[in-house]
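S.K.: This is the structure I have questions about; it appears just below.
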Amino acid sequence: MIHGLSFKEYVEEEKAKFGEMTAAEKKDYFKEYYLKQCIFAFIILILLIWFLVDISVNFKHTVCSGGVINTKISEEGAGFLKEDYLKLLNKKTFTNKVDLATDIFLDKEEPQTYTVFQAELAINSYNYLITDKNGLDFILSTECLADMGTVLDEDLKKTVGDKIVRGELGESKKEIEAAIDITDTAFVKEYITSGDKVYFVITGKEDEYNLGLDVLRYILNKK
């Protein structure tokens, strides 16, 4: 009920009022009685859409998380690692996502870039990293990476061959098989811009190393 009238009766009454008004009167009447309600309804609609989108994004399952350090990856390359990878896994984008940080740049003139990145490594933000030599050296100094010698299966070891790169950990000074040189892969040649060699590093939680290894296989299999 609206002012004691049914909705149908209210609409008929308003139509009758409008029928008796001039164009200028209709405009003034709309501004006085309906404009604020329309603006309010529009704001509520925008907030509702934003809320629903935010919920859908936050409730998506993260299949894996990666980062690109000190190198530039094209939009097509990012799509290859995100949407195309989900398609390969037969995962629906409505309920699943791949996180990829493409803007990690470590600058010695801006020490906070190292501090922020180290904090992200410490909380296992990434399953894998694609990096240049400077980025690899810093990751080694934090010791937040997997030893490829212990995580690669026999098939992967045969595939990467002599592309395994050794490095020394920061505090312990232990030498490990730290990364895979992927500079000559079709993936890097097509999607990555770098004046340096490009390396693939496994990082994050030990029980999730397989997530990074699956992405490594995916990259190496690109023709």
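The values are calculated or read from the model by the stated rules, or taken from the named source; none is laboratory data. Here the structure is a predicted model, which means the values were calculated and not measured. Glycine also receives a Cβ, built like all others from the backbone with ideal geometry; neighbour counts cover every protein chain displayed.
A quick yes/no check of all residues on (1) among the polar types (S, T, N, Q); (2) farther than 23 Å from I104 by Cα; (3) surrounded by fewer than 17 Cβ atoms within 10 Å (Cβ to Cβ):
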| site | (1), (2), (3) |
| --- | --- |
| L136 | no, no, no |
| E143 | no, no, yes |
| G149 | no, yes, yes |
| L156 | no, yes, yes |
| K173 | no, yes, yes |
| G195 | no, no, yes |
| K205 | no, no, yes |
| L213 | no, no, no |
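S.K.: OK, next. State the number of residues belonging to the range 44-76 that are closer than 30 Å to T131 by Cβ, modelled with pLDDT under 85 and surrounded by 10 or more Cβ atoms within 10 Å (Cβ to Cβ).
M.R.: Count: 1.
So that you can scan it fast, the table gives a plain yes or no per residue for (1) of a type outside the set (K, R); (2) surrounded by 12 or more Cβ atoms within 10 Å (Cβ to Cβ); (3) within 19 Å of Y85 (Cβ to Cβ):
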site: D153; (1), (2), (3): yes, no, no
site: G170; (1), (2), (3): yes, yes, no
site: I176; (1), (2), (3): yes, yes, no
site: F187; (1), (2), (3): yes, yes, yes
site: N210; (1), (2), (3): yes, yes, yes
site: Y218; (1), (2), (3): yes, yes, yes
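S.K.: For the range 78-112, what are the residues that are touching a strand residue (DSSP E or B) at 6+ places or on another chain (Cβ under 7 Å) and either in a helix (DSSP H, G or I) or at pLDDT below 90 (or both)?
M.R.: Across the range 78-112, the qualifying residues are A78, L81, Y85, L86, T95.
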